[in-house]
Amino acid sequence: MIGLASARAAVDGIIATGRSAPVLFYGAIGAGKSLLAERLALAWLCPKASQDGPCGECQVCRTFLDKGKAIDLQRIEPLGPSRIIRVGQIVPDSALDWEGTAVTTFLQTLPTVGRNRVVLIEDADRMNQDAANALLKTLEEASARARLILTTSAISRVMPTIRSRCIAIACELPGYDELAGQFASLEPHELLFSEGAPGVIHHVREADEAYRTLFALFEDLSGAPPGAALVLSERFKEAAEALEKPTGQTSRACHAEALRCLALWIRSRMPGHPDRLAAVVETHRRIVGNASANLAFDPLFATLVGP
């Protein structure tokens, strides 16, 4: 993978040369894919854009920079708890209960105020087979004023025929020195829970107290006696639910996020206990699948404490 600086240079090269082929940004969560995708989108939208990029001053630029929106921009994201991009989001389908406009319908219309019509498909790996096939046809038949941008954190799950029709730009996580230069200071819990992804570090800092509480709880696991399992389970549930208010996520999503952090801690602090990591992964699967938190967490912590 090329570094993020090289990814920025690749975007600037597309803007400068006026290339119009679909672009696929890929890399780890928090690596900067969305920021680069939005930079390219605005360059394609801005009616006064030059080889150096968008002007930043026109109505299109001001609206996009202030609100992240534009009349000629359509965002496509996964729907529902299963987080799937369905065929009805790509081509019109009356069976899909969705308020958005399908990609093909959106691209049939000429730009209203922008230079092009731009579709940004986030988490493109979440397209089901029908949606991916429908998008492939769209990629092959896109009009001269249509532009498509895709992002993914799992490029291997994007259909090869889609990848082959896109300019693929990798967004690599920065090294520690680059991170240190970007952030004034980095706490142990920030480094661990973010896995070095700048975007995730910002996310962790937005709920810093809750993440600190989780980290302190995990540190208490080392050497905790078996009798502490139920107390630690309840503390974990409370710490996970403390993520709800600062993140705006559901309790189930916060339970899953706390389990993600716990898995990272065990991988770092207990590398000799693959069985414990496997137990956390299985609990995460159950929580995502709608299991009760109390019924899932109590047996988990009984597995995690003690010899």
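Rg (Å, one decimal) plus Dmax (Å, integer) for the alpha carbons of the range 207-304?
Just the Cα atoms of the range 207-304 yield Rg and Dmax of 12.3, 35 Å.
Taking other Cβ within 10 Å of each residue's Cβ, how do TYR26, TYR176 sort, fewest first?
Least crowded to most crowded, the residues run TYR176, TYR26.
So, in nm, how far is label GLU238 from label GLN129 when the simple model puts each one 7 Å beyond its Cα toward the Cβ?
Roughly 4.9 nm, to one decimal.
So what's the net charge close to ALA21: Lys and Arg +1, Asp and Glu -1, counting the other residues with Cβ under 11 Å from its Cβ?
+3
Given R₀ = 35 Å, FRET efficiency for ALA180-GLN51 by Cβ-Cβ distance, to 0.05?
E between ALA180 and GLN51, to the nearest 0.05, is 0.55.
Would you grab the residues whose amide H sits under 5 Å from the one on ILE121? Only those 5+ places off in sequence or on another chain, please, with H modelled 1.01 Å from N.
Amide H neighbours of ILE121: ILE76, ILE149, LEU150, THR151.
Taking only Cα atoms, what is the 0 to 90° angle, nearest 10, from helix 274-288's long axis to the longest principal axis of the chain?
60
In degrees, nearest 10, range 0 to 90: what is the angle between the Cα axis of helix 129-141 and the longest Cα principal axis of the chain?
30
Assuming R0 = 41 Å, what is the FRET efficiency of ARG286 and LEU136, from their Cβ-Cβ distance, to the nearest 0.05?
Efficiency, from the Cβ-Cβ distance: 0.70.
Under a no-solvent Debye model with one identical scatterer per Cα of the range 19-96, what's log10 I(q)/I(0) at q = 0.11, 0.23, 0.24 Å⁻¹?
Reported log10 I(q)/I(0), two decimals: -0.39, -1.15, -1.18.
Only helical DSSP H runs with n ≥ 4 go in: add -39500 (n - 2.57) per run for the chain, normalise by residue count and round the 222 nm mean residue ellipticity to 500 deg cm²/dmol.
-15500 deg cm²/dmol
Name the lysines eligible as straight-distance cross-link partners of LYS33: C-alpha to C-alpha under 18 Å, and not fewer than 8 places from it in the same chain.
Answer for LYS33, where 18 Å is the Cα cut-off: LYS69, listed by chain and number.
Compute the Cα gyration tensor for the range 4-173, then decide on rounded, prolate or oblate, letting a ≥ b ≥ c be the square roots of its eigenvalues: rounded whenever a/c is under 1.5, prolate when a/b is larger than b/c in the other cases, and oblate in all that remain.
In terms of gyration-tensor shape, oblate.
Go ahead and run the numbers for FRET between HIS273 and ALA9, Cβ-Cβ distance against an R0 of 41 Å, rounding to 0.05.
FRET efficiency, HIS273 to ALA9: 0.45.
Most exposed first by the Cβ proxy, i.e. fewest other Cβ within 10 Å, how do CYS55, CYS46 rank?
CYS55, CYS46
Just to confirm my numbers, what's the Cα centroid distance between the range 7-56 and the range 238-307 in Å?
A separation of 37 Å, based on Cα centres.
Can you sort MET127, MET270 by how many other beta carbons sit within 10 Å, fewest first?
MET270, MET127
In whole Hz, what ³J(HN,Hα) sequence does the range 223-234 give by Karplus (6.51, -1.76, 1.60; θ = phi - 60°), x for Gly and Pro?
x, 5, x, x, x, 8, 4, 5, 5, 5, 4, 5
Over 34 Å, how big is the tail of the calculated P(r) for the chain, in percent of all Cα pairs?
Within the chain, distances greater than 34 Å cover 33 percent of Cα pairs.
Enter the Cα centre distance for the pair the range 132-177 and the range 85-120, rounded to the nearest angstrom.
That distance is 17 Å.
Net charge near ALA242, counting Lys/Arg +1 and Asp/Glu -1 over other residues with Cβ under 14 Å of its Cβ?
Charge balance near ALA242 sits at -4.
Going through the range 38-73, which trypsin sites (Lys or Arg not before Pro) have at most 16 other Cβ atoms within 10 Å and a DSSP loop state?
Passing both the DSSP loop test and the Cβ count: LYS48, LYS69.
Taking the Cβ of ARG285 as the center, what net charge do the other residues with Cβ under 14 Å away carry, scoring Lys and Arg +1 and Asp and Glu -1?
Its environment carries a net charge of +2.
Values in this text are rule-based calculations from the coordinates and carry no lab data. Since we're looking at a predicted model, the values are computed, not measured. When we count neighbours, we look across all protein chains shown, and the Cβ atoms used for this are built from the backbone with ideal geometry, even at glycine.
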